[in-house]
1. Hey, could you check region 44-78 for residues that are touching a Leu at 6+ places or on another chain (Cβ under 8 Å) and small (G, A, S) and say which is nearest to S95 (Cα to Cα)?
2. Taking I168, is it more than 30 Å from V337 (Cα to Cα), modelled with pLDDT of 85 or more, in contact with a Pro (Cβ under 8 Å, 6 or more places away or on another chain) and buried (at least 16 other Cβ atoms within 10 Å of the Cβ)?
3. How many residues does region 82-95 hold that are within 24 Å of R129 (Cβ to Cβ) and in contact with a helix residue (DSSP H, G or I) (Cβ under 7 Å, 6 or more places away or on another chain)?
4. Please work out which residue is nearest to V258 (Cα to Cα), limiting yourself to region 211-241 and to residues that are surrounded by fewer than 16 Cβ atoms within 10 Å (Cβ to Cβ) and among the aliphatic types (A, V, I, L, M).
5. Looking at Q63 and the list (1) buried (at least 19 other Cβ atoms within 10 Å of the Cβ); (2) in a loop (DSSP other than H, G, I, E, B), which single condition is not satisfied?
6. Filter region 106-122 down to the residues that are modelled with pLDDT under 85 and of a type in the set (A, V, I, L, M, F, W, C) and list them by number.
7. Answer with yes or no whether A99 is in the same structural domain as L56 (by TED's automatic domain parsing), in a helix (DSSP H, G or I) and modelled with pLDDT under 85.
8. So is F86 surrounded by 13 or more Cβ atoms within 10 Å (Cβ to Cβ), part of a helix (DSSP H, G or I) and aromatic (F, W, Y) or not?
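The values are calculated or read from the model by the stated rules, or taken from the named source; none is laboratory data. What you see is a predicted model, and the numbers here were worked out from it, not measured in a lab. All Cβ positions, glycine included, derive from the backbone under ideal geometry; neighbour counts span all protein chains shown.
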Amino acid sequence: MSAAAEKHTIMTVDDTVENLNILEEMLTGAGYRVMPFPKGKLALQAALRHPPDLILLDVMMPQMDGFEACRRLRAHNTLADIPVIFISALGDAESKVRAFTEGGVDYVTKPFQEKEVLARIRTHLDLRRANRKLLDHKQHLEEMVRERTADLQQAQKVARLGSWKMEIPDNIITLSDQACRILGLNSTENDRGDTFRLDQWLALIHPDDLEQVKRSWSEALANHQDGFSMEYRVWSAGTLIWVHEDAKFEVDENGRPVRAIGTIQDVTERREYLDALERQNRTLRDIAWTQSHVVRAPLVRILSLIAVLDDDGFVVMNRNDILTEITRSARELDDIVRDIARKTDNFFKPEPIP
């Protein structure tokens, strides 16, 4: 009895008591817990209370056949990912196609071989475990993004902001001490202290951003907007930094803007953090794209071998050899998922914003 089997519960659904007894004896002997049910409706109710790890489902049953039972399972979020293997005396292609259409992952015809059924159970339990690991890591990455976003928002709340005021007709700007420090302007060396001409401010803006800044100002005034918000680069004491600027307009009795009041904040660290995060996300997408192609190879091989098992006329390979290859491919897929987990766990994490 394997340690993995001890943790798994298999639900069997068949209206024939003899078949339920045979399956229970076989599965119990392999180390699985068994939940036998003679009707699809009873099985659904029990699955909602205690979801099994896998379901062996008969097709031909009164009141609710296997196809309907499988369709209802897939309609429940908590049950939708449970693998369903159909076991039926119907061996025609139409029944098999419908089984997969309704959400089944496999189809075994009666009379079945014990080793074959157990091998297929192990394969689909391994596949489900691999899929859950991928989902867990996806949720882990999403949680990391939420935490970093929260850290960023908190950092912005406690950040010190510089303020400024501009008399629009005169194009004269009055800066707070913090705004002067952000822009690298020395008010003690200025004839008017903390008051500067607009062209002195504009001269600090990076040439590639200057037209954007002028356009934002012009459009806001022309469109009678309440204000504007933008980010751009400036030279501060010989160092290129990013600043975020918010502004609101004050108007006279005729509705004409006469004054702009705003804030300016050095957001260089945040921009660098976001750029690093974007580079990380691009690399992560590249890893995910590459690994998805790697995952597909053993998965396709498993599905192909399962199809071979369903083909009674295929005699090139020994069935035990096929089952062995299916198990080997499932373990290969599990190794690939573990490798993805290691890569995401060891992935570069940008330093938290001070």
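1. Only one residue tops the list, namely G66.
2. Spelling it out, I168 is indeed more than 30 Å from V337 (Cα to Cα), modelled with pLDDT of 85 or more, in contact with a Pro (Cβ under 8 Å, 6 or more places away or on another chain) and buried (at least 16 other Cβ atoms within 10 Å of the Cβ).
3. 5
4. L221
5. Result: Q63 passes all but (1).
6. F112
7. So A99 fits the description; yes.
8. no
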